[in-house]
Amino acid sequence: MYDIIIVGAGPAGLTACIYACIARKKVLVLEKEVYGGQIVNANKVKNYPGFEEISGYDYATKLYTQAKSLGPEIKFEEVIDIYDKGDLKEVKTSKSNYIGKSVIIATGSKNRKLGLSNEDKLLGKGISYCATCDGTFYKNKVVAITGGGNSAIDDALYLSNIAEKLYLIYRQKDFRIESINLDKLKKKDNVEFILDTNIIDIKGEDKLESITIKNNETNEEKELKVDGLFIAIGHIPVSDMCNNIVKTNETGYIIADEDCQTNVDGIFVAGDIRVKEIRQLTTACSDGTVAALNACKYLAKK
Amino acid sequence: MKIINIENNFDEEVKSSKGKTIVDFWAPWCGPCKMFGPVFERVASETDNIKFCKLNVDEDTNDVSKDLGVMSIPTTILFEDGKEKKRNIGYLSEEDLKIFLEDK
């Protein structure tokens, strides 16, 4: 029996773990893959207070080491279901069942897919969701990126310095962001903007060969030969294991105010998985803090 | 099993090697690769009948990763008698790496 079961070992979950352990709670952290969450993919983190610059991996490893030293149990198991049994919560994983007095859900989000056939098959064979991870393999090659948000533009600029030619494909007519990097990108000779256009097909057997695009206004279709396609169309929440028990919005993000309390007594939420405006490393840690301390308050009342 | 670095000698260590060889393609700037590193080392230390190799793609003088179509890291490729048997793209847990190494 645990005081607090934390689902997810990203920045939100591990910060919650630190606060809960310092409050002398018996803590179990469950993580399906590896600690650190999405920040691991960040080459350089320059906006985390106290660190002028740190790699995502180094930050995650420091955080994990710190959390672990405080004595929680950390298990690498995927959570499949969470049951509310009043004062107790049951967490079912791929391997076992755990009982806790409270739960903090900090499962984060994952890359949104285009949803086209061949997308999974060609992952790592031309298709990528991480420009900073895989960009270097496309030196002097022809690459496309799809998306129009800040991270898509940042990734596009990064890729434009590596690839021979870059297509930026965006489904809207105009960008809705203000970005210095967008201005820089517009000045690049090797970048071609293809706006108001969707990708409708991905072709290739052992590796990506081409994509088919379709203009929204003219319905004109065109095949582009590309070596790489980077998909940067945002994120989707990872809430399958709990969306039958806690309230989510229509996209699947868990609804809770700044107090991180869900609609279920004793179940809290922290980090990117919570409905909120700003998803940053700092706000994930902030949520982890609030969720852990409010979980402690909840336990004290019982 | 000790891990062999094969940036310069893929042909000797893998292509003309008998039995099973596993190669971890990685780079120092790749976060998930660094996470996978310790997993690979732990499993290597517990396994006797498979040869464990690492190839840093930044120092891949013979363009091995390019020839094999490695376009994302970490990528792990299992070879048998020098021929590719299967590959995995992305991080693997210790348990999943052991399953990957099993004959199937």
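The angle between the Cα long axis of helix A:150-160 and the longest principal axis of the Cα atoms of chain A comes to about 50 degrees, rounded to the nearest 10. The GNM of chain A, with springs linking C-alpha atoms under 10 angstrom apart, assigns the highest mean-square fluctuation among A:Leu229, A:Leu157, A:Leu123 to A:Leu123.
Show me the trypsin sites (Lys or Arg not before Pro) within the range B:1-100 that DSSP assigns to loop and that have at most 14 other Cβ atoms within 10 Å of their Cβ. Can you show the working numbers first?
On the way: sites: B:Lys2, B:Lys15, B:Lys18, B:Lys20, B:Lys34, B:Arg42, B:Lys51, B:Lys54, B:Lys66, B:Lys83, B:Lys85, B:Lys86, B:Arg87, B:Lys98; in loops: B:Lys2, B:Lys18.
Of the trypsin sites (Lys or Arg not before Pro), the ones in loops of the range B:1-100 whose Cβ has at most 14 other Cβ atoms within 10 Å are B:Lys2, B:Lys18.
Here the range A:188-297 is assigned +1 on the Cβ of each Lys and Arg and -1 on the Cβ of each Asp and Glu. Its dipole about the Cα centre then comes out at about 420 debye. When DSSP beta bridges are restricted to pairs lying wholly in the protein assembly as shown, around 50% turn out antiparallel. The convex hull defined by the C-alpha atoms of chain B has an orientation-averaged projected area of 5.7 nm². Segment A:Glu205..A:Ser96, full-extension length gain: 35.3 nm, with 0.36 nm per residue of separation and the alpha-carbon distance subtracted. Rounded to the nearest 0.05, the FRET efficiency derived from the C-beta distance between B:Asn62 and B:Phe100 at R0 = 25 Å is 0.50.
Ordering B:Asn9, B:Thr61, B:Ile22 by Cα displacement along the dipole of the range B:3-101 toward the positive end leaves B:Ile22 in first place; charges were set at the Cβ atoms of Lys, Arg (+1) and Asp, Glu (-1).
Quick check on the range A:91-228: take the gyration tensor over C-alpha atoms, sort the square-rooted eigenvalues as a ≥ b ≥ c, and tell me if it's rounded (a/c under 1.5), prolate or oblate. Provide the component values of the computation, followed by the final result.
On the way: a/c = 1.94, a/b = 1.66, b/c = 1.17.
Here the range A:91-228 falls in the prolate category.
Taken one residue at a time, the phi angles of the range A:232-238 give Karplus couplings (6.51, -1.76, 1.60, θ = phi - 60°) of 10, 10, x, 10, 10, x, 9 Hz. Gly and Pro are set to x.
By the Cβ rule of 4.7 Å, chain A holds the following cysteines without a possible disulfide partner: A:Cys17, A:Cys21, A:Cys242, A:Cys260, A:Cys285, A:Cys296. By the Cβ distance rule (another cysteine Cβ under 4.7 Å), the unpaired cysteines of chain B are B:Cys53. Averaged over the residues of A:127-137, the number of partner chain Cβ atoms lying within 10 Å of the residue Cβ comes to 4.
Angle of helix A:11-22 to the longest C-alpha principal axis of chain A, folded into 0 to 90 degrees and rounded to 10: 20°.
Per residue and in cubic angstrom, what volume does the convex hull of the Cα atoms of chain A have? Please report the intermediate quantities before stating the final value.
Working: hull volume 42.8 nm³, N = 302.
Considering the Cα atoms of chain A, their hull volume per residue is 142 Å³.
Computed over neighbours whose Cβ is under 12 Å from that of A:Val269, the net charge equals -2, Lys and Arg +1, Asp and Glu -1.
A simple spin-label model places pseudo-atoms 7 Å from Cα toward Cβ; at A:Lys113 and A:Ile236 they are separated by 0.8 nm. Taking Cα atoms only, the orientation of helix A:56-69 departs from the longest principal axis of chain A by about 10 degrees.
Taken together, the values in this text are just the output of simple stated rules run on the coordinates, not laboratory data. No experiment lies behind these values; they were computed from the predicted model shown. Backbone-built Cβ (ideal geometry, glycine too); neighbour counts: all protein chains shown.
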